[in-house]
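A short write-up of the structure that comes next.
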Amino acid sequence: MKKILIPLLAVALIAGAVGFYMYNKPVENLNNKKAEVTVTAEALLADYESNEQSANEKYLGKVVEVSGKVAEITTGEGKNKIHLETSNPISVIIAELDEGNTTEGLAVGEQGTVKGMCSGYLSDVILVRSSIVK
């Protein structure tokens, strides 16, 4: 019985240590990562509105750099968000900024560029872990 119990306990401890490490591993910062796709806010939304499945293949889970007119800047829930205007009055591109990234140098009504990981489309296209491109 001891011959089985000791190796089983060792495997359980190793699995627990690996799980703890992976759970507490810091998230990769996208500030210095090169964008895989560069697009305007209008084109990004148009792609999702015309064919969501095709747009998901093109953008989902990728680092996307989006340019457009800033419609709104919000702070709340611990995250700053930048809304980029589109021609659709009920849909915008929402970029949720990473902690530590501020909205300095960007104002409502100005042209701006943000970079983030595309997480999909509901009625808005959402970019997470975003930052402002200078």
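Where a number appears in this text, it was derived from the coordinates with a stated rule and is not lab data. Model, not experiment: these values are computed from the prediction. Every residue, glycine among them, receives a Cβ derived from its backbone with ideal geometry; neighbour counts consider all protein chains shown.
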**Request:** Positive end of the charge dipole of the range 36-134 (Lys, Arg +1 and Asp, Glu -1 on Cβ, about the Cα centre): tell me which of ILE82, LEU45, THR103 has its Cα farthest that way.
**Result:** THR103
**Request:** Past 24 Å, Cα to Cα, is the threshold; run LYS33/LYS79; LYS33/LYS134; LYS58/LYS79; LYS25/LYS62; LYS69/LYS115 against it and keep the listed order.
**Result:** LYS58/LYS79
**Neighbour cut-off at most 15 other Cβ (10 Å), DSSP loop, trypsin sites (Lys or Arg not before Pro), the range 1-106** = LYS33, LYS34, LYS62
**Request:** Note down the nm distance, to one decimal, between modelled labels 7 Å out along Cα→Cβ at ILE73 and at THR40.
**Result:** 2.3 nm
**Fill in**
The FRET efficiency for GLN111 and ASN24, from their Cβ-Cβ distance with R0 = 35 Å and rounded to 0.05, is 0.35
**Message:** Given Cβ point charges of +1 (Lys, Arg) and -1 (Asp, Glu) and nothing else, what value in debye, to the nearest 20, does the dipole of the range 34-77 about its Cα centre take?
**Reply:** 200 debye
**Prompt:** Using +1 on the beta carbon of Lys and Arg, -1 on that of Asp and Glu, and nothing else charged, what's the dipole of the range 37-132 about the Cα centre, debye to 20?
**Reply:** 160 debye
**Asked** Using the Karplus equation 6.51 cos²θ - 1.76 cosθ + 1.60 (θ = phi - 60°), what ³J(HN,Hα) coupling, rounded to whole Hz, does each residue of the range 17-24 give in order, writing x for Gly and Pro?
**Response** 5, 5, x, 4, 4, 5, 5, 9
**Message:** Compute the helix-to-body angle for 41-50: its Cα long axis versus the longest principal axis of the chain, expressed 0 to 90° and rounded to tens.
**Reply:** 70 degrees
**Item:** Sum of -39500 (n - 2.57) over DSSP H runs of 4+, divided by residues of the chain (222 nm, nearest 500)
**Value:** -10000 deg cm²/dmol
**Asked** When only DSSP loop residues count, what GluC sites (Glu not before Pro) in the range 72-129 have their Cβ near at most 13 other Cβ atoms within 10 Å?
**Response** GLU77, GLU99, GLU104, GLU110
**Message:** If you take every DSSP beta bridge fully contained in the range 1-126, what fraction is antiparallel? Give it as a percent rounded to 5.
**Reply:** 75 percent
